[in-house]
Amino acid sequence: MSIILDKVSYVYSEGTAYESWALKNVSLKIEDGQFIGIIGHTGSGKSTLIQHLNGLLKASSGGIYFNGRDIYEEDYDLRELRTKVGLVFQYPEHQLFETTIFDDVCFGPMNQGLSKNEAGLRAFEALRSVGLPESLYYQSPFDLSGGQKRRVAIAGVLAMKPEVLILDEPTAGLDPKGRDEILDLVSNMHREREMAVLLVSHSMEDVANYVQRIIVMNDGSVMYDGTPGEVFLHYKELEAVGLAAPQVTYLMHELKEQGLPVDCGVTTVEEARNSILKIFR
Amino acid sequence: MLRDITLGQYYPADSVLHKLDPRVKLMGALVYIVSLFTFRDAVGFAAATVFLICIIRISKVPFSYMVKGLKAIVVLMIITALFNLFLTPGKQVLVTYGILTITMEGVKNAVFMLVRLIYLIVGTSIMTLTTTPNQLTDGLEKALMPLSKIRVPVHSIAMIMSIALRFIPILIEETDIIMKAQMARGADFESGNLIRRVKAMVPLLVPLFVSAFRRADDLAMAMEARCYVGGRGRTKMKPLRYQKEDYQAYLILAGYLGVMIAWRVFGARIWGLKLGA
Ligand SMILES: Nc1ncnc2c1ncn2[C@@H]1O[C@H](COP(=O)(O)OP(=O)(O)O)[C@@H](O)[C@H]1O
Ligand SMILES: [Mg+2]
C-alpha cells in the first residue's frame, strides 16, 4: 500500500468572491504500516488534505496515486478506494443514524456488497476491537455517552477493513481520560492490524507519544515532514505559526542552556527521563 | 459541492449602495417594481433601463451575479411570454395557425412582460446582493414596527427570520459533511432507481434532523441563559439611523417614480402633440 500526492492544490469556491486556497502544491508519500501525525493550527488545511486521500475532494491541480494507480482516471472505482482508505471524520458521532449500534456498524460492510452474515461478523469484530461492552450492541446509538458514540463511529469505518485508517481530530471535545483511551485504541490498532494510520490533530502533545512521523501543515503547505525528534528541533519556528512543541522539548532545551549535556531530540517523558538519568550515572 | 449554493447571496464590495440603510433599499426595490408596471411605451421602458444600468454600475457587483438569479425562473419567463403571445386578443392579427393566433398586441405584451420580469428579478437581486440578510431583517423589522401597534408580532417575526437565515449556511455545511462522511462508508447518493435513491437519503436525513434539533435546543438554551424574553424593552446595539446619503437616495427614488408616473399620465398627450405637429 502506498499513497503518493504529487503537487496537489485545492481551491474552495473557485471563481467566486469567496475563493480560498486551502492546499498549495502539497507533495507527500505515505507508505505501508506507517503511523503518521498531521498537525497544524485550525484552518491550515488538514481536513482538506485528508479528504483528498480517499477521493472525496478532487484536487484543483496535481495528481494522487494509490498503489501506483492514478485515482483521477476515468474508470477508477472511487467507492472501492473509500473502503481501502478508511476516513473517520471530525465528530464522527454526528453521522450515526441506525436504530441499533450493530446495524450502524454494518452500514459500511453492507455498502461493500458483503452478505448480511459477513457484514455482521465484521461489525462484531470491529465493535469488540473498539472495546464497547457487548450488552450495548443492540441499543440505540443515540443513548450512548459522547466517548462511546465516537467509538461506535470509528468501528463503523474499521468494519470495512481499510488498509489505511485516517482520523480527523479524534480527540476533539473529549476529556483527558477519553482522549487517552481513543489514542491508545488507535495505537493498538496500528500495532495489531499493521495498518497505516494517519492521525490529524492540532495538539503536539497528543501525537508526540505515538507517531513515527509528523507532517506539519501551515497555511495550506507542508512546513515540516520528519520524525518527531527532527520536527521538534524547530520548536521556535513552530511557535511562530501558533503551534507548540511538547513540554519536554522546552524542558530539555532549558536544561541544555543551563549547561547539562542532555539530548534535545527526545519527545516523550520516558525518553527525557532516561536522557537526564544518564548524565548523573 | 453544496457550499457553492448561495442563498441570500450577499456580494461583499465597497459601494455607495452597500452602505445605504436597508430600509432605503427595501423601499427602492418596491419603487422600482411599481415603476415597472407604469410604463406602456418605449420611452418609459428606456427610462427604466437607464435607471437599472446606473444602479448596476453603482453597486460594483459583477453583472454575472445578477444573471444567475434569472436562470432559476427561465421556465416561468417562457410560460408567461407564451401565454401573453397567444392569448392576447387584438385587432391586428399577424399569424393564425389552428386555434392559435398571434396578434400585434400579443407580441407587444409578451415582450413587455418578459422585460418586466427580467428587470424585476435583476432589480431585487441588486438589493439582496448589496445587503446582508441580517441587515435586511433589521430593516424590515424597523420599517414594519408601526404594525406592532395593532398586535402584529413584528419583533418575533424578524427574530425568526434572522435565525432561519443564520442557520441556512450552517445546515448546508452540515449536509455537506454528513454526505461526505457517509460516502466515506461507501454510501452512494448518485446511482440507482428512484426507490433506491430515496432509501439512500435516510443516512443523510436522520443525522441532519438530529443535528438541527440539537442546534435549536442549544440556541434556545443560550438565549434564555442571556435572559432573552422577546422584543419588549429591547434596544439595538447598532440602531438604524438615516444618514445624508439615505435622504438623497430617497429624493432620487421619489424623482424617478414621479417622472415615471407623470409620463404614464401625460406622456401620451405629449407624444401625440409632437406627432401632430
Ligand atoms: N467547505 C468549505 N468551503 C470553503 N472554504 C473552506 C471549506 N472548508 C474549509 N475551508 C477553508 O479552507 C481552509 C482549510 O480548512 P480545513 O482543511 O478545514 O483546515 P483544518 O482542518 O486544518 O482546520 C480554511 O481557510 C477554511 O476556511
Ligand atoms: Mg479540520
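Summary of values
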{"quantity": "Near pairs, Cβ below 6 angstrom, 6+ apart or cross-chain, from the stretch B:163-189 (within 16 Å of ligand 2 (Cβ to nearest atom)) to any residue that is small (Gly, Ala, Ser)", "calculated": "B:174/B:211"}
{"quantity": "Meets criteria (in contact with a helix residue (DSSP H, G or I) (Cβ under 7 Å, 6 or more places away or on another chain), farther than 15 Å from residue A:132 by Cα, small (Gly, Ala, Ser) and open to solvent by less than 30 Å² (accessible area, probe 1.4 Å)) for residue A:155", "calculated": "no"}
{"quantity": "The stretch B:207-221: number of residues that are open to solvent by 50 Å² or more (accessible area, probe 1.4 Å) and either under 22 Å from residue A:157 (Cα atoms) or at the interface with chain A (Cβ under 10 Å from one of its Cβ atoms) (or both)", "calculated": "3"}
{"quantity": "Residue among A:136, A:81, A:127 that alone is open to solvent by less than 20 Å² (accessible area, probe 1.4 Å) and away from every other protein chain (no Cβ under 14 Å)", "calculated": "A:127"}
{"quantity": "Flag for residue B:138 being assigned to a helix (DSSP H, G or I) and of a type outside the set (A, V, I, L, M)", "calculated": "yes"}
{"quantity": "Options B:179, B:183, B:161: the member that is away from chain A (no Cβ under 14 Å) and either in a helix (DSSP H, G or I) or buried (at least 18 other Cβ atoms within 10 Å of the Cβ) (or both)", "calculated": "B:161"}
{"quantity": "Output for the stretch A:69-114, where each listed residue is small (Gly, Ala, Ser) and under 22 Å from the mean Cα position of the chain (by Cα)", "calculated": "A:86, A:108"}
{"quantity": "Helices (runs of 4 or more DSSP H) lying entirely in the stretch A:88-191 (those with 1 or more residues that are at negative phi and touching a residue at least 60 places away in the same chain (Cβ under 8 Å))", "calculated": "A:116-129, A:146-158"}
{"quantity": "Counted residues, the stretch A:22-50 - those being away from ligand 2 (no atom under 16 Å from the Cβ) and either surrounded by fewer than 19 Cβ atoms within 10 Å (Cβ to Cβ) or of a type in the set (Asp, Glu) (or both)", "calculated": "9"}
{"quantity": "Top-ranked residue in the stretch A:139-152 [being crowded, with 19+ Cβ neighbours inside 10 Å and over 16 Å from the mean Cα position of the chain (by Cα); ranked as farthest from residue A:200 (Cα to Cα)]", "calculated": "A:141"}
{"quantity": "Some residue of the stretch B:65-73 being open to solvent by less than 60 Å² (accessible area, probe 1.4 Å), in contact (Cβ under 8 Å) with a residue 24 or more places away in the chain and part of a loop (DSSP other than H, G, I, E, B)", "calculated": "yes"}
{"quantity": "Matching residues in the stretch B:74-94 - criterion: being exposed (fewer than 11 other Cβ atoms within 10 Å of the Cβ) and over 23 Å from residue B:39 (Cβ atoms)", "calculated": "B:74, B:75"}
{"quantity": "Test for residue A:66: is it closer than 26 Å to residue A:211 by Cα, crowded, with 16+ Cβ neighbours inside 10 Å and out of contact with any His (no Cβ under 7 Å at 6 or more places or on another chain)", "calculated": "yes"}
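One line per residue, one yes/no per condition, for (1) within 16 Å of ligand 2 (Cβ to nearest atom); (2) exposed (fewer than 14 other Cβ atoms within 10 Å of the Cβ); (3) modelled with pLDDT of 90 or more; (4) within 13 Å of chain A (Cβ to nearest Cβ):
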| site | (1), (2), (3), (4) |
| --- | --- |
| B:2 | no, yes, no, yes |
| B:5 | no, yes, no, yes |
| B:19 | no, yes, yes, no |
| B:26 | no, no, yes, no |
| B:29 | no, no, yes, no |
| B:32 | no, no, yes, no |
| B:38 | no, no, no, no |
| B:42 | no, yes, no, no |
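The values are calculated or read from the model by the stated rules, or taken from the named source; none is laboratory data. This is a predicted model, so every value here is computed, not measured. Note that each Cβ is placed from the backbone with ideal geometry, even for glycine, and that neighbours are counted across all protein chains shown. Protein only, heavy atoms only, side chains kept; ligands, DNA and RNA dropped before computing areas. Shrake-Rupley method; radii C 1.70, N 1.55, O 1.52, S 1.80 Å.
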